[in-house]
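The values are calculated or read from the model by the stated rules, or taken from the named source; none is laboratory data. Note that this is a predicted model, so its numbers are computed, not measured. As a convention, Cβ positions derive from the backbone with ideal geometry for all residues, glycine included, and neighbour counts pool all protein chains shown.
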Amino acid sequence: MSRNQELFDRSRQLIPGGVNSPVRAFGGVGGVPRFFQRGAGARVQDADGKSYIDYVCSWGPLLHGHAHPKVLEAVRTAMEKGLSFGAPTGLELEMAELLCELVPSIEQVRLNSSGTEATMSAIRVARGFTGRSRILKFDGCYHGHSDSLLVKAGSGLLTFGQPSSGGVPAELAALTTVVDYNDATAVRAAFAEFGHELAAVIVEPIAGNMNFVLPEAGFLQLLRDLCTEHGTVLIFDEVMTGFRVALGGAQSLYGIRPELTTLGKVIGGGLPIAAFGGRRDIMSCLAPVGSVYQAGTLSGNPVAVSAGLATLRLAQEEGFHMALGEVTHAVTEGIAERGRAAGFPMVAASVGGMFGIFFRNGLPRNLPEVMECDRDTFNRFFHGMLDEGIYLAPSAYEAGFVSAAHGSAEIGETLDAAERVFAHLRTAS
Ligand code: HOZ
């Protein structure tokens, strides 16, 4: 029996589904999850000693790959001075200064420990600031697992949102209105009906939790205009896109200034840290200045902040995102070209170090179109690539990630593997 299998069998006895986050269980693709024992640069090694080129990068944080020497050095230096104080440190101030400099819409920022906390807190401060309760989100955008955000659309726009998870009270879900991504008509209709009640609109400016879906021209501007008109707080969830698609996040690419932004992943470089920030008058609603409560024992943890600072400083090097984007484009377009040449309908999209590949004709605009992809072919492609030593996200509905440690060797190996896998899939089908 493989060591991965043995670890999975034992884990399932003690950890629900054998994993600490559902998608890791390989439920969507089948088979045995790989248990990793180490990572270096663009590569990871599983419990059986097999090596893979990693296109998950811990779901985004590892912008410079695994165990980058400068990030490790920063962590070592910080941890030797103490792991946690539960009191302010100068490092947190350095992080706040850097975040406000890199993302100009952030005038004040607060650190916490996970993207879920950041989005949950941003919603609370938006509700506290506006004195309103209702929020608007988009189907297929994921903003962590707090109750107000685990909500799917009801049967029509004017029906209440429904919980998308057990344990979420229907009464709470009813305060969340859900419409399709890129659907300007539905957004206008929602504002016409509920605009005066909307505390916040929360959106991934590039959606990375229904695979990878780009905003259509004018979509984010429409949200900006309607929020301004109705006194609604626009929240950009840049937990995934922040510092990954561009140094100033997706908002810098599209030229939109949200009231609030949530960040995570890259700002911890692989350690748990997240942040939410934005307009000074809104952030001033937070305790101890204002009445909106939010706190955390490990918020602003010095070791995590140090890893994040080192990660962000490396990303500030001239041309960093351009080079990252070129590698990502070469890998993803190369895979899609080989897929099409083998007769599969396939497209790819990427920005900076984040990408999506789809088994369908044409890029999807929203969740229903993402769901039209050929999942069975994706799953066979995924397992073929895994056997070849290429680790893609174990789900057709997740974005992929490339790091600065991925270079020409990784591009070549990945494309050669894809060619062999497509040739095999074609003969098998
Ligand atoms: N939230 C991630 C999927 N979009 C999964 C995180 C994980 O399993 O680590």
With (1) under 24 Å from Ser113 (Cα atoms); (2) out of contact with any Asp or Glu (no Cβ under 9 Å at 6 or more places or on another chain); (3) away from the ligand (no atom under 16 Å from the Cβ); (4) modelled with pLDDT of 95 or more as the list, and Asp147 as the residue in question, which single condition is left unmet? (4)
Restricting to segment 52-67, name every residue that is within 16 Å of the chain's Cα centre (by Cα) and among the hydroxyl-bearing types (Ser, Thr, Tyr). Tyr55, Ser58
Pull up segment 203-220, narrow it to residues that are surrounded by 24 or more Cβ atoms within 10 Å (Cβ to Cβ) and in a loop (DSSP other than H, G, I, E, B), then point me to the one that is nearest to the ligand (Cβ to nearest atom). Gly208
Output the qualifying pairs, or none if there are none: Cβ atoms under 9 angstrom, residues six or more apart or on different chains, first residue in segment 12-34 and touching a residue at least 60 places away in the same chain (Cβ under 8 Å), second residue assigned to a helix (DSSP H, G or I) and within 11 Å of the ligand (Cβ to nearest atom). Val23/Trp59; Pro33/Arg24; Pro33/Ala25
Does segment 344-366 contain at least one residue that is charged (D, E, K, R), more than 28 Å from Ala405 (Cβ to Cβ) and surrounded by fewer than 19 Cβ atoms within 10 Å (Cβ to Cβ)? yes
May I ask you to list the residues in segment 165-197 that are surrounded by 17 or more Cβ atoms within 10 Å (Cβ to Cβ) and among the polar types (S, T, N, Q)? Thr176, Thr177, Asn182
Quick one: how many residues across segment 334-352 are touching a Lys or Arg at 6+ places or on another chain (Cβ under 6 Å) and in a strand (DSSP E or B)? 0
Matching residues in segment 72-95 - criterion: being without any contact (Cβ under 8 Å) to a residue 40 or more places away in the chain and under 24 Å from Pro288 (Cα atoms): Ala87, Gly90, Leu93
Considering only segment 364-381, I want to know if a residue exists there that is within 16 Å of the ligand (Cβ to nearest atom) and in a strand (DSSP E or B). no
In this structure, is Thr261 touching a Gly at 6+ places or on another chain (Cβ under 7 Å), within 16 Å of the ligand (Cβ to nearest atom), hydroxyl-bearing (Ser, Thr, Tyr) and under 13 Å from Val103 (Cα atoms)? no
Give me the pairs, please: first residue somewhere in segment 346-361 and modelled with pLDDT of 95 or more, second residue anywhere and polar (S, T, N, Q) and in a loop (DSSP other than H, G, I, E, B), beta-carbon distance under 6 Å, and either six or more positions apart or on two chains. Gly356/Asn211
